[in-house]
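Below you will find the structure I want to go over with you.
The values are calculated or read from the model by the stated rules, or taken from the named source; none is laboratory data. Small disclaimer: the values here were computed from a predicted structure and weren't measured. Cβ coordinates were reconstructed from backbone atoms using ideal geometry, including for glycine residues, and neighbour counts include every protein chain displayed. Calculation scope for accessible area: heavy atoms of the full protein, side chains included, ligands and nucleic acids excluded. Shrake-Rupley method; radii C 1.70, N 1.55, O 1.52, S 1.80 Å.
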Amino acid sequence: MSLRISPSILSADFGHLVAECERVGTTADWIHVDVMDNHFVPNLTLGLPIVESLVGKISLPIDCHLMISDADRWAPGYAEAGADSVTFHVEAATNPLQVAKDIRAQGARAGMALKPGTSLDDYVDLLPHLDMILIMTVEPGFGGQSFMADQMSKVRKARELITAGDLDVWVQVDGGVSAATIQECADAGADTFVAGSAVYQSADPAKVVSTLRELADAATSTSWWCAH
Ligand code: DX5
Ligand code: ZN
């Protein structure tokens, strides 16, 4: 089973973004870039010009998490700019199926995110059209919040649907993921892990990434959803 660790630069030093991305070297698999518009969420971070300027300058592929309104209009542009994966929030999309298609048409992986209060039940039909489903484990908007363990039932349900449908869809968790919580995420069915403060508030981000991977690997090796 291959798992992926995607450190979020939300907790990194924005004045040295390229260097901060490189601090995790290639111990990580992706770099998670949180785009916020102060509309969909009550916080403002960075947008298309900065994502565009990171493309080609960092070693890892870019996992763009869009916490912005009107995903229909804006999401495909991030794929066109060169992000390797673009995740939009279903709550911010009028036609999520079309958004996923538009992202893929620009050559990126298409991800769809669900806030903690959003049920997966209404969106099951979309799964075959996605490359990743992101189950938020905090309310989107800020780093450093407490992990919401009650979201594990949604992770489990996503994994069950993906297994039953024989789909190739990654299950990502984002928010409060750390050495203390990653194992329950992996055990519930997550295979792609975002960690912001746990990685970037550490003196040795690359080491934290390695530790997170070891913990997740250990948890999946005995979990119900992984073929042994
Ligand atoms: C929150 C962001 C997360 C954030 C996670 O809205 O989507 O990616 O960076 O930060 P931690 O890992 O500190 O919860
Ligand atoms: Zn995120």
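Within the bounds of region 13-27, is there any residue that is touching a residue at least 40 places away in the same chain (Cβ under 8 Å), open to solvent by 10 Å² or more (accessible area, probe 1.4 Å) and among the aliphatic types (A, V, I, L, M)?
yes
Here's something else I'd like to know. Of (1) modelled with pLDDT under 95; (2) touching a helix residue (DSSP H, G or I) at 6+ places or on another chain (Cβ under 7 Å), Val169 satisfies all except one. Which?
Result: Val169 passes all but (1).
Which of the residues that make up region 14-50 are part of a helix (DSSP H, G or I) and under 17 Å from Pro76 (Cα atoms)? Break it down stepwise before answering.
Just the residues of region 14-50 that are part of a helix (DSSP H, G or I), to begin with: 14-22, 48-50.
Scanning region 14-50 gives Leu48, Pro49, Ile50.
Now for a different question. Could you say which residue among Ser53, Ser2 is part of a loop (DSSP other than H, G, I, E, B) and more than 16 Å from ligand 1 (Cβ to nearest atom)?
Ser2
Now for a different question. Under 6 Å between Cβ atoms, at least 6 apart or on separate chains: pull out the pairs that start in region 161-185 with a residue that is under 12 Å from Pro128 (Cα atoms) and end on any residue that is acidic (Asp, Glu) and modelled with pLDDT of 95 or more.
Between residues of region 161-185 that are under 12 Å from Pro128 (Cα atoms) and residues that are acidic (Asp, Glu) and modelled with pLDDT of 95 or more, the close pairs are Trp170/Asp191.
Using the structure shown, decide if Val208 is within 14 Å of ligand 1 (Cβ to nearest atom) and under 19 Å from Met136 (Cα atoms).
When the stated conditions are applied, Val208 does not pass them.
Do the conditions hold for Met148, that is, is it closer than 24 Å to Leu215 by Cβ, modelled with pLDDT of 95 or more, more than 12 Å from the chain's Cα centre (by Cα) and open to solvent by less than 40 Å² (accessible area, probe 1.4 Å)? I'd like the intermediate steps shown before the answer.
Details: closer than 24 Å to Leu215 by Cβ: yes; modelled with pLDDT of 95 or more: yes; more than 12 Å from the chain's Cα centre (by Cα): yes; open to solvent by less than 40 Å² (accessible area, probe 1.4 Å): no.
No.
Return the total of residues in region 9-22 being within 16 Å of Gly143 (Cβ to Cβ) and not hydrophobic (A, V, I, L, M, F, W, C).
Within region 9-22, residues that are within 16 Å of Gly143 (Cβ to Cβ) and not hydrophobic (A, V, I, L, M, F, W, C) number 3.
A follow-up question, please. Inspect all residues belonging to region 141-152 and state whether any of them is of a type in the set (Ser, Thr, Tyr), away from ligand 2 (no atom under 15 Å from the Cβ) and part of a helix (DSSP H, G or I).
We begin by selecting, within region 141-152, every residue of a type in the set (Ser, Thr, Tyr); these are 146.
If we keep only those that are away from ligand 2 (no atom under 15 Å from the Cβ) as well, we get 146.
Subsequent filtering for residues that are part of a helix (DSSP H, G or I) retains none.
Among the residues of region 141-152, not one is of a type in the set (Ser, Thr, Tyr), away from ligand 2 (no atom under 15 Å from the Cβ) and part of a helix (DSSP H, G or I), which makes the answer no.
Return a yes/no flag: does region 173-185 have any residue that is hydrophobic (A, V, I, L, M, F, W, C), in contact with a His (Cβ under 6 Å, 6 or more places away or on another chain) and either more than 16 Å from ligand 2 (Cβ to nearest atom) or within 21 Å of Leu17 (Cβ to Cβ) (or both).
No - not one qualifying residue is present in region 173-185.
Same structure again: From the list Asp29, Asp121, Asp34, Asp63, which one is farther than 14 Å from Val194 by Cβ and modelled with pLDDT of 95 or more?
Selected residue: Asp121, the only one of Asp29, Asp121, Asp34, Asp63 that is farther than 14 Å from Val194 by Cβ and modelled with pLDDT of 95 or more.
Out of Val209, Val199, I need the residue that is in contact with a Leu (Cβ under 9 Å, 6 or more places away or on another chain) and under 21 Å from Asp63 (Cα atoms). Which one?
Answer to the selection: Val199.
When you check Ala190 against the structure, is it without any contact (Cβ under 8 Å) to a residue 60 or more places away in the chain, open to solvent by 10 Å² or more (accessible area, probe 1.4 Å) and either within 16 Å of ligand 2 (Cβ to nearest atom) or of a type in the set (A, V, I, L, M, F, W, C) (or both), yes or no?
Spelling it out, it is not the case that Ala190 is without any contact (Cβ under 8 Å) to a residue 60 or more places away in the chain, open to solvent by 10 Å² or more (accessible area, probe 1.4 Å) and either within 16 Å of ligand 2 (Cβ to nearest atom) or of a type in the set (A, V, I, L, M, F, W, C) (or both).
If only one of Ala93, Ala83, Ala100, Ala108 is touching a Cys at 6+ places or on another chain (Cβ under 9 Å) and away from ligand 1 (no atom under 15 Å from the Cβ), which one is it?
Within the list Ala93, Ala83, Ala100, Ala108, the selection yields Ala108.
Ok, one more. Being in a loop (DSSP other than H, G, I, E, B), within 16 Å of ligand 2 (Cβ to nearest atom) and open to solvent by less than 50 Å² (accessible area, probe 1.4 Å) narrows it down to one residue among Leu60, Leu66; which is it?
Only one candidate qualifies: Leu60.
Applying the selection to region 52-81, what residues are of a type in the set (Val, Ile, Thr) and under 22 Å from Val173 (Cβ atoms)?
If the condition is that a residue be of a type in the set (Val, Ile, Thr) and under 22 Å from Val173 (Cβ atoms), then Ile62, Ile68 are the ones that fit.
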